[in-house]
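**Student:** Handing you a structure now.
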Amino acid sequence: MPSSSPSPALLMPQVLLEATLQRGADAEPLQRQLHRRLQEAILAGRLAPGSRLPGSRALAEGLGVSRNTVIAAYEQLSAEGYLRPDRQGTRVAALARPAAATARARTGDEEALSPGQPALAQGLAQRLAQIQPTGAGTRFGLPLRPGVPALSHFPLAAWRRALDRAITEAGPGALAYGEPLGEPALRAAVARHLSVARGVRCSPEQVVITEGAQEALSLCARLLSNPGDRAWVENPGYRGAKAALRAADLTLHPLPVDREGLCATAQDWALHPPRLVYVTPSHQYPTGAVLSASRRLQLMEDARRHGCWLIEDDYDSEFRHTGESIGAMQGLLPQAPVLYVGTFSKTLFPSLRLGFLVLPEALLPRLQGPLGELLRGGQRHSQLALAQFMENGEFARHLGRMRRLYRSRQSALRQALQQHLAVPHQIEGGQCGLHLCVRFGSAWPDQALAEQAHRHGMAPSALSGFALPPGPADNGLVLGYGNTPSELFAPLVQRLSGLMQAL
């Protein structure tokens, strides 16, 4: 061999030379460290598919480790499918890289994976960790928590009768899996109700019964986008939607909200074209704004022109407190590029875990097969009971009672804020739903105030927790009134006011 042969180090990709291994009593075994560094480089695309790795002797000399350490790491990676030996040595296998790895390669995120952790799972945890917490996850039963209906007013006796009848009439057959897209009776009942109450254009075949609105949002993201696609979200906006879109490895682009709802300009469409747009047009969450008709029509026209889909979340617009109910955006135009999402968590009770997704007619041929593979048709007795509950008029009667109750509670909370909140503030929303948004100056940090309120037996949410990222104007509280009796609002607001003055 000529003496001028290059050294083994010069033959190695730079990424391998940078794979510094930790040594010492507290360090991981070198074999495990090397395995993890090579795995990360392959998943992130820094070691391209088909590229040939140096021989075990050369890599060992370059890294200053024993050859057995390299051989063991190579063998483990080969067994896991990251490497493939051939006659010329060891090459990087061609992988369909997980969504999380694609995101790391695209953003330059080179955070190491913990040993033994699945790459996709940790990537998902990292993406969801970027969402601002509201701190309300364990405070369900406390007063002022947003999104909680008046559970003590639910007609349990009528629901029990519906369940008993469903179990009796369905027999043992309902213990098996049902139709993947939901019980036909419930899909038909939902389609009829939405047509009358919300102006939604749909047939029962377009309705998919889901495990709450969250599953519906996840299905939209998983079936209609690819990892790395862009999704528009309202800012501030619903955290659950951001979680579903992030879990699908979409890039979130926040758009501001004003008195007319989502603000999407021609420049936004030109510079940041989306694949999906999440919007709450009838009652923006959490500000309470209503998307104006002109913006609704423009949004649908722009979506058609750019080939994207709109996800309309109509989470609590059954409870309109002033004027006539505002119809769904989906029903404004025939063949609208809108997927309509709803839930029974607000109209009935959260633990029911039933929601629905209305697919555009044009998507039915493409999505019925995939949905049949993803869904399994569970909770059949609850679905059948709910279908009866809707068909016999109990659902409509319950909605009527709740509208009157929530209208009274919203008025009582607004009056308490005006009388007892002794700091400058601005009240937003209240025409619909189960909460009010209250903005105030940055002298009273909302995250700290929400934590103090929890210590004093209340569960408002910090407005900044819904923003991405929070700005100076995103400081305030989101106050729920659905689960709080009217007579408690005055003392609760007085307590809040005292906490703000102390801050």
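The values are calculated or read from the model by the stated rules, or taken from the named source; none is laboratory data. In this text the structure is predicted, and so the values were computed from the model without any measurement. All Cβ positions, glycine included, derive from the backbone under ideal geometry; neighbour counts span all protein chains shown.
**Student:** Answer yes if at least one residue in segment 273-286 is within 24 Å of Ile209 (Cβ to Cβ), in contact with a helix residue (DSSP H, G or I) (Cβ under 6 Å, 6 or more places away or on another chain) and of a type in the set (A, V, I, L, M), and no otherwise.
**Tutor:** There is no residue in segment 273-286 that is within 24 Å of Ile209 (Cβ to Cβ), in contact with a helix residue (DSSP H, G or I) (Cβ under 6 Å, 6 or more places away or on another chain) and of a type in the set (A, V, I, L, M).
**Student:** Let me ask something additional. Test Gln388 against the criterion of being at pLDDT below 95 and not basic (Lys, Arg), and give yes or no.
**Tutor:** no
**Student:** Could you tell me whether segment 432-446 includes any residue that is outside the structural domain of Gln284 (by TED's automatic domain parsing), over 30 Å from Ala328 (Cα atoms), small (Gly, Ala, Ser) and crowded, with 18+ Cβ neighbours inside 10 Å?
**Tutor:** no
**Student:** Among the residues of segment 260-276, is any among the basic types (Lys, Arg), over 21 Å from Arg439 (Cβ atoms) and without any contact (Cβ under 8 Å) to a residue 40 or more places away in the chain?
**Tutor:** Scanning segment 260-276, I find no residue that is among the basic types (Lys, Arg), over 21 Å from Arg439 (Cβ atoms) and without any contact (Cβ under 8 Å) to a residue 40 or more places away in the chain, so the answer is no.
**Student:** Check whether at least one residue in segment 436-445 is of a type in the set (A, V, I, L, M), at pLDDT below 95 and more than 30 Å from Gly400 (Cα to Cα), and report yes or no.
**Tutor:** So far as segment 436-445 goes, yes, one or more of its residues are of a type in the set (A, V, I, L, M), at pLDDT below 95 and more than 30 Å from Gly400 (Cα to Cα).
**Student:** Please report, ordered by residue number, the helices (runs of 4 or more DSSP H) entirely within segment 210-280 with at least 3 residues that are over 11 Å from the mean Cα position of the chain (by Cα). Let's see the steps before the verdict.
**Tutor:** Values: elements: 212-224, 239-247, 266-271.
Because the criterion is at least 3 residues that are over 11 Å from the mean Cα position of the chain (by Cα), the helices (runs of 4 or more DSSP H) in segment 210-280 that meet it are 212-224, 266-271.
**Student:** I've got another one for you. When you go through Gly62, Gly45 one by one, which is the residue that is assigned by TED's automatic domain parsing to the domain that holds Ala93 and outside any helix (DSSP H, G or I)?
**Tutor:** On the way: Gly62 fails: outside any helix (DSSP H, G or I).
Only one candidate qualifies: Gly45.
**Student:** Still on this structure: Checking the conditions here, which among Leu163, Leu223, Leu151, Leu144 is of a type in the set (A, V, I, L, M), within 30 Å of Gln335 (Cβ to Cβ) and touching a residue at least 12 places away in the same chain (Cβ under 8 Å)? Full working, then the answer.
**Tutor:** Numbers: Leu163 fails: within 30 Å of Gln335 (Cβ to Cβ); Leu151 fails: within 30 Å of Gln335 (Cβ to Cβ); Leu144 fails: within 30 Å of Gln335 (Cβ to Cβ).
After applying the criteria, what remains is Leu223.
**Student:** Can you report the number of residues in segment 454-503 which are of a type in the set (D, E, K, R), over 21 Å from Gln431 (Cα atoms) and in contact with a helix residue (DSSP H, G or I) (Cβ under 6 Å, 6 or more places away or on another chain)?
**Tutor:** Adding up the residues that qualify gives 0.
**Student:** So, Val70, is that one at pLDDT 80 or above and farther than 30 Å from Asn226 by Cβ or not?
**Tutor:** Spelling it out, Val70 is indeed at pLDDT 80 or above and farther than 30 Å from Asn226 by Cβ.
**Student:** Residue by residue through segment 337-350, note down the ones that are part of a loop (DSSP other than H, G, I, E, B) and either touching a residue at least 60 places away in the same chain (Cβ under 8 Å) or closer than 15 Å to Met390 by Cα (or both).
**Tutor:** Residues satisfying the conditions are Phe344, Ser345, Lys346, Thr347, Leu348, Phe349.
**Student:** Also: Could you tell me how many of the residues in segment 285-320 are among the small types (Gly, Ala, Ser) and touching a strand residue (DSSP E or B) at 6+ places or on another chain (Cβ under 8 Å)?
**Tutor:** Of the residues in segment 285-320, 5 are among the small types (Gly, Ala, Ser) and touching a strand residue (DSSP E or B) at 6+ places or on another chain (Cβ under 8 Å).
**Student:** While we're looking at this one, here's another question. Being surrounded by 24 or more Cβ atoms within 10 Å (Cβ to Cβ) and small (Gly, Ala, Ser) is the filter here, so list the residues in segment 266-292 that pass it.
**Tutor:** Ser282
**Student:** List every residue pair whose Cβ atoms lie under 6 Å apart, where the two residues are 6 or more positions apart in sequence or sit on different chains, the first residue falls within segment 392-408 and is within 21 Å of Ser382 (Cα to Cα), and the second residue, located anywhere, is among the aromatic types (Phe, Trp, Tyr).
**Tutor:** Here the result reads Phe395/Phe389, each pair linking segment 392-408 to a residue that is among the aromatic types (Phe, Trp, Tyr).
**Student:** Additional query: How many of the residues in segment 434-462 are free of Cβ contacts under 8 Å to residues at least 40 places away in the same chain and within 27 Å of the chain's Cα centre (by Cα)?
**Tutor:** 2
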